[in-house]
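Presented below is the structure to which this report refers.
The values are calculated or read from the model by the stated rules, or taken from the named source; none is laboratory data. Every value quoted in this text rests on a predicted model; they were computed, and no experiment measured them. Glycine gets a Cβ as well: all are built from the backbone with ideal geometry, and neighbour counts include every protein chain shown.
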Amino acid sequence: MQATFDWREEGGARVLALGGDWTVRTVGAVDEALRALDPVGEVTLDLTALGRMDVAGAWLVRRTLGGPPHAVQGEHVSARRLIDVTNGAASEQLERPEHFHGLYAVYDRIGRSVVSLAQETIRSLDFLGRSLSVLARQLLNPGRIRWVSAVSVMESAGLNALPIIVLLSFFVGVVVAYLGARVLADFGASVFTVELVAYSVLREFGVVITAVLLAGRTNSAFTAQIGAMKMRQEIDAMRVLGLDPMEAIVVPRLIAMLAMTPVLTFLATLAGLLGGLLVCWGVLGVSPALFITRVQDGIPIENFFVGMCKTPAMAVVLALIGCRHGLETGVDVTSLGKRVTSSVVQAIFLVIVIDVTFAVWFQELGW
Amino acid sequence: MSGEVAIRVRGLVTRFGEQVVHDGLDLDVLQGEILGVVGPSGTGKSVLLREIVGLDAPTDGEIDVFGQRLAALDRDARFEVEKRWGVMFQEGALFSSLTVHENVEAPFREHTDLAPDLIAELAAIKLSLAGLDADSHFKMPAQLSGGMRKRAALARALALDPELLFLDEPTAGLDPVTAGRFDALLKELARALGLTVFLVTHDLDTLAAVCDRICVLYEGKVAAIGTLEEVRAGATGWIADYFSGPRGRAALGKER
């Protein structure tokens, strides 16, 4: 039944008479009309025609009257009690906290971002320092290193990532070779496609493809896993049992990544070269034997080491960013989601930054 | 309390693989009563609750809520029944991406066409009815203590003024003072709003303070049902241990 009301004056007294059901499903219809009412002074409430009532209905009555009714006519099973209960709770109606709008909000966000960027940098460096010191301490006493844990991470984070890394690296080799064959042909230099593939895969693509894939696959897994442990207080349990999370969680992952990243990079490099080799063979008619000879004779071995020497840096970044964000997860699900996101973003960002730094450095060294 | 039956369970059987949780369970929850469901851990109290509200399907048996067989209803009819109950889960289950206030607003936004202003007012009323002070309304659930979270969860369960309220261990993990306040609040709200309450609990104080009737689940069946005095009078085996152990005596001593 629809909610209705009647607002009348009866011998000098103002009366608000309720009719129909006043429940959460029906009061929407009278909400605006009641807001327009201005009941100053004492009001008598008439419940004679009232059907069912709930807290929503009681609240509308209380809001309209601005307080408890002066007098009540008619009987109702629950209305009086409900209005009393609602009246008790209503004193605490409050304003929503202000939110910034417009330009102010933009400044607010920029400020917060700058501060958080500074804090993140400091925390990352702090974590790097602590991790390396714990690693050094453990390496001096290798019996304390959790090898089982480390090997298990090597399998899940390294070995299981091998197929996808090799496959993608192969594709990148193919793409670079196609690009070379096409662009270099304009200069009549398409034979140098071999050098293009070899230089780019050895120096850059092998290691960068591996690191970016590990950032998406392994780094995020570290954060999610450790973050979930943090949320369920497993990390706290470790601490009170006298287990250092740095030793039990961070160092095994660091060791696993340090061991596996070079291996994965090496295999990714081979796969990239294979992709280039197949395209050169198919498109340019350079036989595999010739391709290999050209690479062996024409490309200094330093290029291979330029690529490989970046891998420990990548490994440290990937392992530590993943672990740090996991350990800094809060107690709720939202914070876990945020941490995984920033973990992946920071890891990929740093992979590229490290790569650029190395590129500039080697350029200056003339390698 | 009218004599009408709000929830009728007949011949309920639940099996998880080899494990038999309910073995031909019969239960009536009367309209307007607060029924406390107790039993040793693992007797399927929470499972029973989940099956009544349709989150889990029983292996066999019939469950009627408000005289309607839920499993047989189509989507819209089921929706109508679901609007008439509120459920509060053990850990509160507040949506962690919304503020406490938005959590309580959520059912209004979903199921009513009230104006946003009115929804905000009603959410604030529900929260203060549940005993949450004004400071916490706009906090995120993660910023609240366990007791506050339970209150917020109660406010959300009560949002649409349900006739039937399911509570899964509402006082578990609360300190005795907070739990006592929660009991008083529950009793007051249930009386004022004429609620039917299905209350799963381990807390003897809650049983003694708020429940009209008590239902003991044991070995897959309802081992005893009735007022606290009736259940205690006929108590044997586990039920006797439950009510006359040191915790039971401490909680019920004042009732003697």
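Here are some notes:
- Those residues of region B:37-52 which are assigned to a loop (DSSP other than H, G, I, E, B) and touching an Asp or Glu at 6+ places or on another chain (Cβ under 8 Å), in sequence order: B:T43
- From A:Y178, A:Y199, residue being in contact (Cβ under 8 Å) with a residue 60 or more places away in the chain, surrounded by 15 or more Cβ atoms within 10 Å (Cβ to Cβ) and over 16 Å from A:A268 (Cα atoms): A:Y178
- Any chance A:L125 is in the same structural domain as A:P262 (by TED's automatic domain parsing) and not in a loop (DSSP other than H, G, I, E, B): no
- Yes/no for A:M246 being within 22 Å of A:P312 (Cβ to Cβ) and modelled with pLDDT under 95: yes
- Counting the residues of region B:102-117 that are hydrophobic (A, V, I, L, M, F, W, C), touching a residue at least 40 places away in the same chain (Cβ under 8 Å) and at the interface with chain A (Cβ under 10 Å from one of its Cβ atoms) gives 1.
- Going through (1) surrounded by fewer than 21 Cβ atoms within 10 Å (Cβ to Cβ); (2) farther than 30 Å from A:V360 by Cβ one by one, A:R217 falls short only on (2).
- Filtered by the rule that a residue be of a type in the set (D, E, K, R), part of a helix (DSSP H, G or I) and surrounded by fewer than 21 Cβ atoms within 10 Å (Cβ to Cβ), region B:102-131 gives B:E102, B:R109, B:E110, B:D117, B:E121.
- Any chance A:T23 is at the interface with chain B (Cβ under 10 Å from one of its Cβ atoms) and either in contact with a strand residue (DSSP E or B) (Cβ under 6 Å, 6 or more places away or on another chain) or crowded, with 17+ Cβ neighbours inside 10 Å (or both): yes
- Among residues of region B:56-93, those that are under 25 Å from B:V104 (Cβ atoms) and in contact with a His (Cβ under 8 Å, 6 or more places away or on another chain), counted: 1
- Selection from region B:118-151 of residues that are of a type in the set (A, V, I, L, M), more than 10 Å from chain A (Cβ to nearest Cβ) and more than 19 Å from B:K83 (Cα to Cα): B:L144, B:M148
- From the options A:V61, A:V153, residue that is more than 14 Å from chain B (Cβ to nearest Cβ) and touching a Phe, Trp or Tyr at 6+ places or on another chain (Cβ under 9 Å): A:V153
- Residue identified as β-branched (V, I, T), away from every other protein chain (no Cβ under 14 Å) and either touching a residue at least 24 places away in the same chain (Cβ under 8 Å) or surrounded by 14 or more Cβ atoms within 10 Å (Cβ to Cβ) (or both) among B:T99, B:T43: B:T43
- From the options A:I209, A:I249, residue that is surrounded by 20 or more Cβ atoms within 10 Å (Cβ to Cβ), more than 22 Å from A:V134 (Cβ to Cβ) and of a type in the set (V, I, T): A:I209
Conditions (1) touching a Phe, Trp or Tyr at 6+ places or on another chain (Cβ under 9 Å); (2) small (G, A, S); (3) in contact (Cβ under 8 Å) with a residue 40 or more places away in the chain; (4) within 14 Å of chain B (Cβ to nearest Cβ), marked per residue:
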position	(1), (2), (3), (4)
A:V286	no, no, yes, no
A:A289	no, yes, no, no
A:D297	no, no, no, no
A:M314	no, no, yes, no
A:H325	yes, no, yes, no
A:T329	no, no, yes, yes
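- Only listed residue being touching a residue at least 12 places away in the same chain (Cβ under 8 Å), surrounded by fewer than 16 Cβ atoms within 10 Å (Cβ to Cβ) and more than 30 Å from A:G330 (Cα to Cα), chosen from B:V9, B:V37, B:V13: B:V13
- Test: B:G24 is touching a residue at least 60 places away in the same chain (Cβ under 8 Å), of a type outside the set (D, E, K, R) and either touching a Cys at 6+ places or on another chain (Cβ under 9 Å) or under 24 Å from B:P162 (Cβ atoms) (or both): no
- Options B:L204, B:L195, B:L189: the member that is aliphatic (A, V, I, L, M), touching a helix residue (DSSP H, G or I) at 6+ places or on another chain (Cβ under 9 Å), facing another protein chain (nearest Cβ under 9 Å) and in contact (Cβ under 8 Å) with a residue 24 or more places away in the chain: B:L189
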